[in-house]
Amino acid sequence: MSDLSIELHWQRAEPVFATGTYSNAHTVQMNRLYDIIVDSAPDWGGDPANTNPEQALASALSSCHMMTFLALAAKAAWRVASYHDYAEAHLGKNPKGQMSVTRIDLHPVVRFDTGFAVTDAQMDEMQERAHRYCFIANTLVDSVEINIR
């Protein structure tokens, strides 16, 4: 299997390291080429201009679901023209009482070439199959909801 890795770097900018006095902002480097500035979610004091781990998790799930859907749709000879998703990560307490991403909602919108269409039942089945085969969804288990528009 591939080594799917990142590099993370955090450097304290404040003179003193103590609770409430330092920034969580850090850099995550992908493929030694792309730097992403990551911070805490805004509710936890992070800069809303930066990505946060909860968004990154929703992004990973949304991307994985889309790529799985496209692979299945291509095998079925569906003429997909575009795919758009709005993903939401929800924070809350899990059954152990710990803060966690308790649910991620996906809202995929699929458009087809002119003259090609599928039924709602076919779309539901294909989205369910994409969810079932998505690596990230299989990692998260029960916390994904797909709301087809």
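On the basis of being among the β-branched types (Val, Ile, Thr) and either touching a helix residue (DSSP H, G or I) at 6+ places or on another chain (Cβ under 6 Å) or surrounded by 15 or more Cβ atoms within 10 Å (Cβ to Cβ) (or both), does VAL16 make the cut? For VAL16, the condition - among the β-branched types (Val, Ile, Thr) and either touching a helix residue (DSSP H, G or I) at 6+ places or on another chain (Cβ under 6 Å) or surrounded by 15 or more Cβ atoms within 10 Å (Cβ to Cβ) (or both) - is not met. Within segment 32-46, being loosely packed, with under 15 Cβ neighbours inside 10 Å and not aliphatic (A, V, I, L, M) holds for ARG32, TYR34, ASP35, PRO42, ASP43, TRP44, GLY45. Inspect all residues belonging to segment 49-67 and state whether any of them is over 14 Å from the mean Cα position of the chain (by Cα), at pLDDT 95 or above, surrounded by 14 or more Cβ atoms within 10 Å (Cβ to Cβ) and hydrophobic (A, V, I, L, M, F, W, C). The answer is no; no qualifying residue exists. Restricted to segment 1-88, the set of strands (runs of 3 or more DSSP E) holding at least 1 residues that are in contact with a His (Cβ under 9 Å, 6 or more places away or on another chain), without any contact (Cβ under 8 Å) to a residue 40 or more places away in the chain and among the hydrophobic types (A, V, I, L, M, F, W, C) comprises 6-9, 26-30, 34-38. In segment 97-119, the qualifying residues are those that are free of Cβ contacts under 8 Å to residues at least 12 places away in the same chain and not in a strand (DSSP E or B), and the one that is surrounded by the most Cβ atoms within 10 Å (Cβ to Cβ) is ALA117.
The values are calculated or read from the model by the stated rules, or taken from the named source; none is laboratory data. Every value quoted in this text rests on a predicted model; they were computed, and no experiment measured them. A quick note on method: Cβ atoms are made from the backbone with ideal geometry, for glycine too, and the neighbour counts reach across all protein chains shown.
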